[in-house]
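Remarks on the structure that follows.
The values are calculated or read from the model by the stated rules, or taken from the named source; none is laboratory data. Here the structure is a predicted model, which means the values were calculated and not measured. Virtual Cβ from ideal backbone geometry, glycine too; neighbours counted across all protein chains shown.
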Amino acid sequence: MKSMTAFDFDARINELQRLRVQGEDLFAIHYACENLAAIRSTPPAVSAIAIQNVVSAEVFVFSRIDRPSDGEQYVLKSYFEFLRDRSTCRLVHWNMNSRPFRFYLAGKPVCSCL
(Lines give C-alpha, C1' and ligand atoms only; values in the text may rest on other atoms or scores of the structure.)
Protein backbone atom coordinates (compact mmCIF):
# COMPACT_ATOMS: atom_id res chain seq x y z
CA MET A 1 0.00 0.00 0.00
CA LYS A 2 1.32 3.45 -0.87
CA SER A 3 2.12 5.96 1.82
CA MET A 4 -0.77 8.38 2.44
CA THR A 5 -0.71 11.94 3.66
CA ALA A 6 -2.81 13.05 6.60
CA PHE A 7 -5.30 14.59 4.17
CA ASP A 8 -5.70 11.67 1.74
CA PHE A 9 -9.23 10.91 2.99
CA ASP A 10 -10.53 9.34 -0.24
CA ALA A 11 -7.75 6.77 -0.26
CA ARG A 12 -8.37 5.97 3.40
CA ILE A 13 -12.11 5.56 2.91
CA ASN A 14 -11.52 3.31 -0.11
CA GLU A 15 -9.09 1.18 1.92
CA LEU A 16 -11.59 0.88 4.80
CA GLN A 17 -14.37 -0.12 2.41
CA ARG A 18 -12.12 -2.73 0.78
CA LEU A 19 -11.17 -4.20 4.18
CA ARG A 20 -14.82 -4.30 5.27
CA VAL A 21 -16.03 -5.98 2.07
CA GLN A 22 -13.23 -8.56 2.29
CA GLY A 23 -14.17 -9.32 5.91
CA GLU A 24 -10.75 -8.33 7.24
CA ASP A 25 -10.15 -7.79 10.94
CA LEU A 26 -11.22 -4.15 11.13
CA PHE A 27 -11.97 -2.64 14.53
CA ALA A 28 -13.19 0.75 15.73
CA ILE A 29 -11.47 1.77 18.95
CA HIS A 30 -12.28 4.36 21.60
CA TYR A 31 -10.85 4.98 25.01
CA ALA A 32 -11.56 7.02 28.11
CA CYS A 33 -8.98 8.56 30.40
CA GLU A 34 -8.57 10.99 33.26
CA ASN A 35 -9.17 14.67 32.66
CA LEU A 36 -6.84 15.86 29.89
CA ALA A 37 -7.07 19.47 31.05
CA ALA A 38 -5.63 18.78 34.49
CA ILE A 39 -1.99 19.73 34.85
CA ARG A 40 0.10 16.77 35.92
CA SER A 41 3.59 15.36 35.66
CA THR A 42 2.44 12.02 34.23
CA PRO A 43 0.14 11.12 31.32
CA PRO A 44 -3.57 10.80 32.20
CA ALA A 45 -4.47 7.27 33.30
CA VAL A 46 -6.51 5.20 30.85
CA SER A 47 -9.88 4.25 32.37
CA ALA A 48 -11.34 2.03 29.64
CA ILE A 49 -10.78 0.86 26.09
CA ALA A 50 -13.67 -0.25 23.88
CA ILE A 51 -13.11 -2.04 20.58
CA GLN A 52 -15.83 -3.06 18.11
CA ASN A 53 -15.42 -5.31 15.11
CA VAL A 54 -16.72 -3.25 12.17
CA VAL A 55 -17.87 -6.35 10.25
CA SER A 56 -19.42 -8.54 12.99
CA ALA A 57 -20.27 -5.79 15.54
CA GLU A 58 -18.63 -7.90 18.30
CA VAL A 59 -17.55 -5.62 21.17
CA PHE A 60 -14.61 -5.91 23.56
CA VAL A 61 -14.37 -3.61 26.59
CA PHE A 62 -11.48 -3.43 29.04
CA SER A 63 -12.25 -1.23 32.03
CA ARG A 64 -10.68 -0.26 35.34
CA ILE A 65 -14.05 -1.09 36.90
CA ASP A 66 -13.45 -4.76 36.00
CA ARG A 67 -10.25 -4.86 38.08
CA PRO A 68 -10.15 -2.11 40.72
CA SER A 69 -6.92 -3.40 42.28
CA ASP A 70 -4.71 -2.98 39.21
CA GLY A 71 -7.03 -0.87 37.02
CA GLU A 72 -4.95 0.85 34.35
CA GLN A 73 -2.42 -1.97 34.19
CA TYR A 74 -5.26 -4.46 33.58
CA VAL A 75 -6.79 -2.24 30.86
CA LEU A 76 -3.52 -1.76 28.97
CA LYS A 77 -2.38 -5.37 29.37
CA SER A 78 -5.74 -6.60 28.06
CA TYR A 79 -5.55 -4.18 25.13
CA PHE A 80 -2.05 -5.26 24.13
CA GLU A 81 -3.00 -8.94 24.47
CA PHE A 82 -5.99 -8.25 22.20
CA LEU A 83 -3.63 -6.73 19.60
CA ARG A 84 -1.09 -9.55 19.96
CA ASP A 85 -3.83 -12.12 19.28
CA ARG A 86 -4.90 -10.15 16.18
CA SER A 87 -1.55 -9.02 14.83
CA THR A 88 -2.90 -8.26 11.34
CA CYS A 89 -5.96 -6.29 12.44
CA ARG A 90 -6.56 -2.65 11.53
CA LEU A 91 -7.82 -0.11 14.06
CA VAL A 92 -10.03 2.80 13.09
CA HIS A 93 -9.70 5.68 15.50
CA TRP A 94 -10.21 9.39 15.74
CA ASN A 95 -7.24 11.52 16.69
CA MET A 96 -5.35 8.80 18.59
CA ASN A 97 -2.23 9.70 16.67
CA SER A 98 -2.06 13.21 18.11
CA ARG A 99 0.26 13.64 21.06
CA PRO A 100 -2.25 13.88 23.94
CA PHE A 101 -4.26 10.83 22.80
CA ARG A 102 -1.63 8.23 21.84
CA PHE A 103 -0.94 4.92 23.47
CA TYR A 104 2.77 4.53 24.14
CA LEU A 105 4.83 1.38 24.59
CA ALA A 106 8.46 1.80 25.66
CA GLY A 107 8.16 5.52 24.90
CA LYS A 108 6.98 5.01 21.30
CA PRO A 109 3.42 5.49 19.96
CA VAL A 110 1.68 2.22 19.03
CA CYS A 111 -0.96 3.59 16.65
CA SER A 112 -0.19 4.65 13.11
CA CYS A 113 -2.29 5.91 10.23
CA LEU A 114 -4.00 3.46 7.92
note = Expected single match for of a type in the set (A, V, I, L, M) and part of a loop (DSSP other than H, G, I, E, B) among Ile65, Ile51, Ile39, Ile29 is Ile39
ask   = What do you reckon, is Phe80 at pLDDT 85 or above and touching a helix residue (DSSP H, G or I) at 6+ places or on another chain (Cβ under 6 Å)?
value = no
